[in-house]
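Report on the structure given below.
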Amino acid sequence: MSPITTQRHGDILIVTSNNPPVNALGHAVREGLVKAMDEADADETVKAVVVICEGNTFFAGADISEFGKPMQMPMLPMVVDRIEACTKPVVAAIHGTALGGGLEVALACHYRVAVPDAKLGTPEVKLGILPGAGGTQRLPRVVGVPKALEMVATGNPIGAKEAHDLGLVDRLIEGDLTQHAVAFAEEVRDVRPIPRSSERDDKLAEARANPALFDEFRKANAKKFRGFDAPEATIKAVEAAVAKPYAEGVLDERRLFMELMTGTQARAQQYFFFAERKASKIEGLPEDTKPRDIKRVGVIGAGTMGGGISMNFLSAGIPVTIVEMEQAALDRGTGIMRKNYEATASKGKVTAEQVEGAMGLLNPTLDFGTLAECDLIIEAVFENMDVKKDVFTRLDKIAKPGAILASNTSYLNIDEIAAATSRPQDVLGLHFFSPANIMKLLEIVRGAKTAPDVLVTAMQLAKKIRKVAVVAGVCYGFIGNRMLIPRQMQAMQLLLEGATPEQVDKVHVEFGMPMGPFQMADLAGIDIGWHRDPNRIENIRDKLCAMERWGQKKGAGFYDYDDKRRPSPSPVVAEVIEEFRQKAGIEKREITDQEIMERTIYTMVNEGAKILEEGMAQRASDIDVVWVYGYGWPVYRGGPMFWADTVGLKEIVAGLERQRERLGSDFSLSKLLTNKAEAGEKLTR
Ligand code: T1G
């Protein structure tokens, strides 16, 4: 049964796609669309055509699961050309999303109508490719070059209202979409000539008069596009649309598309598309596990994390009770939350009403007892086991039955915290990343006794507060921070042996990380977790902390910072390193970038493999989701596990063997890693 069906409404042919979950343009859909156009052209009683989709959305693009497999005819470029060539006006009726190939189908249609909350976009660049079915040639001809450039190079969708203002959507539809789309088709059925996007030229004039806009666009987005191949290719494709007639420009598009599609970045980003979606699936839980109802959330601690965590729920319309011990701390915390909201409003991302709406849902209090009315309580207090156990012991006495008790600890043992209560089945870790109202990642730490419905509730809530959640087991540092430990330790050791903070960080930045281990330490604060005793100096970090070189916030850390917080190599730090090198009796030597890579990144992969073999992560792709969304690992490298597979596990093991002596006596190779390397297998499959 074809997912494409046709039916008549008077002299209008309605072509309907029903290909759940997102009407992806798989082979059967493509074939069905061509047949429908043939039917329309062959039947002279058909005066116009409406293309519409059932389910949640209009076509959400090509079927990504078909990528990398032999493509079946008709290919999408042929389908869109066939639609545009139809001799009867074709109207696209859009709801949900018209994305990628879906927007290209809509652009090939002669008219587009949409419901006001529809989204239209070309997200291909987020899959490491570009619109390959005429999108880079038709879109600039309809919305103009600056907007088309922004849409194809960033991949961010626009709303139907903006699309209407741009002329991409001809009419916004309130009410029944099919009915109004048919009415619109009846209005245009005799309009001639039929408007075909590929034949338009008017919107290209501005760019032809000002070709410099392309380089200006490149310059303005250089930082954002750093390391990615696809954005530059999208710009070249739109340049071709301006410089060449459609028939030639579309050939450039095809060539650029194939170059990207056969590259490693596209494979990595398409792998990541599915990895992100798989992460939300929790293995080993009864299918019918029902989530608990969360009407009010409690947050203990109004510090940086407590405030950021609260904002997530307030922004999702969930009332929050935030508890502090002193009024000053409470006022400071809620003040920062309002300031953050107002900063977002000043960028036009939220309205003043939305700010008041969110802050209006906040109940700041010094009364710990008010947490009794909460369905979920998240502890965000000082990172100390005794302090946390004390909080959970108190919570156990006042929280209502069935309330979920969560800790925002970044490292500590959730089972030990749960054991401080009489209800360990209601306890789990919810590890947010700083700044918690911005960072997308949430590690859901599954305790030995955490109940299935508590996990399901947490996963569902994560979606509601727009987080990407990954389930982690109970081990020191869970997934992300646990893999950070060998990296930071080796980075420090490399300083003693002859590397500089700048050299180590350069390797990571060139690799595509937003910053290296030492820049990151300076940003987070070198004093985080410091024992605060300036007389106890056991290592370089203790020394810097004792010298109050706590990082950016002090204008000095591993780097010196100017008043614009720009880092520069520090002669003071070089002296401190030399002092500890001599104390350790280490001979300074030349350190290669490859050695830095092997000791700071290969070791992370090894730790990731250990996390996998211990079952502390459900699947390798979850580890990749953690590192991309939590630590800025470049998505065009897929994540540490996927990247290791592209390098080859044999090489990773060989690199670690090369460095074994320098990795210290407590270093050990992951058995899973060595076994898979020997067997020629991959971590991600
Ligand atoms: N192909 C295959 N499967 C897809 C898919 C697609 N395009 N989009 C979604 N799915 C699956 C997804 O894996 C999940 O499966 C289920 O559908 C629900 O998705 C030539 C070549 C549309 C906004 O990049 O952005 O066109 O996990 O959980 O949150 O130029 O899906 O349930 O098994 O994300 O409601 C361009 C990708 C393709 C859009 C809906 N299109 N999709 O979000 O649901 S390239 C895209 C999305 C292209 C042409 C080129 C979102 C969504 P499962 P979901 P959602």
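Restricting the count to DSSP beta bridges whose residues both fall in the chain, what percent are antiparallel, rounded to a multiple of 5?
Just about 30 percent of them are antiparallel.
What 222 nm value per residue comes from the helices of the chain, counting each DSSP H run with n ≥ 4 as -39,500 (n - 2.57) and dividing by all residues, nearest 500 deg cm²/dmol?
When only DSSP H runs of four or more count, the value is -14000 deg cm²/dmol.
I'd like the FRET efficiency for residue 328 and residue 215, computed as 1/(1 + (r/R0)^6) with the beta carbon distance as r and R0 of 51 Å, rounded to 0.05.
After rounding, the FRET efficiency stands at 0.45.
Using 1/(1 + (r/R0)^6) with R0 = 35 angstrom and r between the beta carbons of residue 463 and residue 367, what's the FRET efficiency to the nearest 0.05?
Efficiency at R0 = 35 Å is approximately 0.65.
Hey, for a label at residue 434 modelled as a point 7 Å past Cα toward Cβ, could you say which residues of region 304-327 have their backbone N under 18 Å away?
Inside the label zone: 304-312.
Got a sec? Which residues in region 633-661 would a label at residue 587 touch, if it sits 7 Å along Cα→Cβ and we count backbone N under 17 Å?
Residues 661 fall inside that zone.
Rounding to the nearest 10 and keeping the result within 0 to 90°, find how far the Cα-based axis of helix 230-243 lies from the longest principal axis of the chain.
Taking Cα atoms only, the helix is inclined about 30 degrees.
With unit charges on the beta carbon (Lys/Arg positive, Asp/Glu negative), name the residue among 220, 89, 107 whose Cα is farthest towards the positive pole of the charge dipole of the chain.
The residue sitting farthest along the positive end of the dipole is 220.
Grab the Cα-Cα distance for residue 187 and residue 67, subtract it from 0.36 nm times how many residues apart they are, and report the gain in nm with one decimal.
39.3 nm
Over the chain, what is the relative contact order in whole percent, taking alpha-carbon pairs under 8 Å and six or more residues apart?
RCO, the chain: 9 percent.
Within region 33-64, name every residue whose backbone N is under 19 Å away from a label modeled 7 Å from Cα of residue 18 along the Cβ vector.
33-37, 50-60
Describe numerically, in nm with one decimal, the distance between label points set 7 Å from Cα along Cα→Cβ at residue 45 and at residue 575.
Here the answer is 9.5 nm between the modelled labels.
Using only the alpha carbons of the chain, what is the convex hull's orientation-averaged projected area in square nanometres?
33.4 nm²
How far, in degrees from 0 to 90, does helix 571-584 lean away from the longest principal axis of the Cα atoms of the chain, to the nearest 10?
Compared with the principal axis, the helix lies near 50 degrees.
Expressed in nm to one decimal, what extension gain is obtained for the pair residue 264 and residue 515 from 0.36 nm per residue of sequence separation less their Cα-Cα distance?
Here the answer is 88.1 nm.
Under a straight-distance cross-link criterion of Cα-Cα below 21 Å, which lysines are reachable from residue 126, leaving out those fewer than 8 residues away in the same chain?
69, 147, 219, 223, 224, 236, 278, 440, 463, 467
Kindly sort 95, 110, 531 by accessible area of their heavy atoms, largest first, with the probe set to 1.4 Å.
531, 95, 110
Rounded to the nearest 20 debye, what is the charge dipole size of the chain about its Cα centre when +1 sits on each Lys and Arg Cβ and -1 on each Asp and Glu Cβ?
The dipole magnitude comes to about 320 debye.
When ligands, DNA and RNA are left out and all protein chains stay put, how many square angstrom of accessible area per residue does region 386-513 have with a 1.4 Å probe?
I get 35 Å² per residue for region 386-513.
Arranged from highest to lowest average of other beta-carbon atoms within 10 Å per residue, in what order do the peptides 641-649, 189-197 appear?
Output ranking for 641-649, 189-197: 641-649, 189-197.
Hey, rough spin-label estimate for residue 176 and residue 349, points 7 angstrom out along Cα→Cβ, what's it come to in nanometres?
4.1 nm
Restricting the calculation to Cα positions, tell me the Rg (one decimal) and the Dmax (whole number) of region 116-237 in Å.
Calculated on Cα positions, Rg and Dmax stand at 16.2, 50 Å.
Multiply the residue gap between residue 553 and residue 244 by 0.36 nm, knock off their C-alpha separation, and tell me the result in nm, one decimal place.
The span from residue 553 to residue 244 would gain 106.0 nm if fully extended.
At 25 °C and 0.890 mPa s, grab the translational diffusion coefficient of region 385-449 from Stokes-Einstein with a Kirkwood Rh over Cα pairs, rounded to a whole number in µm² per second.
202 µm²/s
Suppose each label sits 7 Å from its Cα in the direction of the beta carbon; what would the residue 304-residue 675 distance come out to in nanometres?
With each label placed 7 Å out from Cα toward Cβ, I get 4.0 nm.
Region 423-476 to region 330-371: how many Å between their Cα centroids?
23 Å
What is the angle, in °, between the Cα long axis of helix 649-659 and the longest principal axis of the Cα atoms in the chain? Nearest 10 is fine, range 0 to 90.
Here the helix axis deviates by roughly 30 degrees.
If R₀ is 41 angstrom, what is the calculated FRET efficiency for the pair residue 338 and residue 2, using the beta carbon separation as r and rounding to 0.05?
Plugging the Cβ-Cβ distance into 1/(1 + (r/R0)^6) gives 0.15.
Could you pull out every residue, at least 5 positions away or on a different chain, whose amide H is within less than 5 Å of the one on residue 498? Hs are placed 1.01 Å off N in the peptide plane, and Pro or chain starts have none.
589
Can you pull the percent of the chain's accessible area that's carbon plus sulfur, 1.4 Å probe, other chains left in place?
55 percent
The values are calculated or read from the model by the stated rules, or taken from the named source; none is laboratory data. Here the structure is a predicted model, which is why all the values come from computation and not from measurement. Cβ sites come from the backbone with ideal geometry, for glycine too, and all protein chains shown count toward neighbours. Surface accessibility is based on the protein's heavy atoms, side chains included, excluding ligands, DNA and RNA. Shrake-Rupley method; radii C 1.70, N 1.55, O 1.52, S 1.80 Å.
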